[in-house]
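Quick note: the coordinates plus some simple rules give every number you see, no bench work behind them. Everything quoted here is computed from the prediction, not taken from an experiment. Note: ideal-geometry Cβ built from the backbone for every residue, glycine included; neighbour counts use all protein chains shown.
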Amino acid sequence: MAMSGLEMARRKMADAGVPSRAIDVFSAFYRELEQGSRGMIREDDVEPLTDVAHAADLRVDDATAREAAAVTAVIKLNGGLGTSMGMDRAKTLLPVRADLTFLDVIVGQVKHVREENGVRLPLLFMNSFRTRDDTLAALPDDLNGELPQDFLQNREPKLRADDLTPVEWPADPSLEWCPPGHGDLYTALETSGVLATLLDAGFRYATVSNADNLGAAPDPAMMGWFAASGAPYAAEVCRRTPADVKGGHLVVRRSDGRLVLRETAQTADEDAEAAADMTRHRYFHTNNLWFDLEQVARTLAEREGVLGLPLIRNEKTVDPTDPSSPKVVQIESAMGAGVEVFDGATAIEVDRSRFLPVKTTNDLLLLRSDVYGVGPDFRVRAQVDPPLVDLDRRFYTTIGDFDARIPDPPSLVDARSLTVRGDWRFGRAVVVRGDVELEDDGTARAIAANTRLG
């Protein structure tokens, strides 16, 4: 008798050494997928999130903050290659200043809090099999003492869209695999042994964020707040702007009053307008979160490793660079969806300064410019309200093209917007003021050094 698609996938994962707990989580999602689930969260089934406490109003004394920091670990998600910017290694190896990479800033932020508060504050990275070697080579050997520096995200087979069997791609077998989304965080913490290691070493809490979000620096005051709250889990949210209407946002499920994360992929077409209404759904999820390590360990044990996070069905081609390659389904989940798993989970509104992700070269240009400064505490702070940057995707999408055309970022501190259309190369010490648009005349053009635009 021929094996089912699930049996084939389970065998492939087992042969590749994927932990049995991770295979069980994949299997639970597969069965949902097989039954036609798309993980949609309907507008009729939810209410808007309201009345969220703001971090700026927290009153946490130094002793409480220091006590909480002494039992908190920092976890950074570092599985991304920056493929959307043409990279083939960890995005965190990119320079954000001439002499500082993302990793340098993250390590600097953690070491500063350690020194100021006299705490261990371990820094751990959840790497993918594609980012691990380069990342570990760039980190100091003594980063965490006896504690590990990282743990590895699990992997799973991409499934053919037509029959849900594991896809085969002999041209590049590595493309037959994909990460399970950052919802794998909980499974990977357990299967790697890192969860038990942290608990055995006396740590109680974790603060988690994406490694490409340098705004999410470790904050002892927030550590003190979370420890005092008694909550098992907390999500950081920000007020939405027109730039955030497509991101994940928190809603309240009507059936049981639980907080739920609704991602764009979980929003039905007919609900898109309501989901994007900033007056109705005010807060977006920053992907900065907090959880109680004991509660996570207990819940994983009770559920035999399967938390039951909502399924996200992601449809792609097996070779992302080749639209003619076979269509596949990637089973994913979001770590922020853990908010609905834990009784008593909560949310806290934070300032926009804690959300500075770099997803495009537009974001990178702002971060490298004088709009942002990096202080002695390695915190990244905006000096002014950031202007709108819109670079021509034909010429600035990849890091190679971007660095060739803008080797030295222009001054943007007095700019309101910079729109670049066409192939422009920037000289040194260019200054942009007000609203500037560079037009495309079909030829490659250059802006001379020391030019003032606008």
Query raised in the report: Using alpha-carbon positions, what is the distance between the centroids of region 291-362 and region 11-88, in Å?
Result: 4
Query raised in the report: What is the log10 of I(q)/I(0) for region 244-328, computed with the Debye formula using one identical point scatterer on each Cα and no solvent, at q = 0.16 Å⁻¹?
Result: -0.89
Requested in this report: Please give the net charge around Pro326, taking every other residue with its beta carbon less than 14 angstrom from that of Pro326, where Lys and Arg add +1 and Asp and Glu add -1.
Outcome: -4
Query raised in the report: region 193-248 to region 383-429: how many Å between their Cα centroids?
Result: 32
Query raised in the report: If amide H atoms are built 1.01 Å from N in the plane of the peptide, which residues on other chains or at least 5 residues away come under 5 Å of the amide H of Ile447?
Result: Arg425, Phe426, Gly427
Query raised in the report: Under a Cβ-Cβ cut-off of 11 Å, what is the net charge of the residues other than Gly247 that fall near it, where Lys and Arg count +1 and Asp and Glu count -1?
Result: +2
Report task. Please give the net charge around Pro387, taking every other residue with its beta carbon less than 15 angstrom from that of Pro387, where Lys and Arg add +1 and Asp and Glu add -1. Result -> -3
Query - Cα shape, region 233-378, gyration tensor, a/c 1.5 rule - result: rounded
Report task. Could you rank the peptides 191-202, 106-117 by their average count of other C-beta atoms within 10 Å per residue, with the highest value first? Result -> 106-117, 191-202
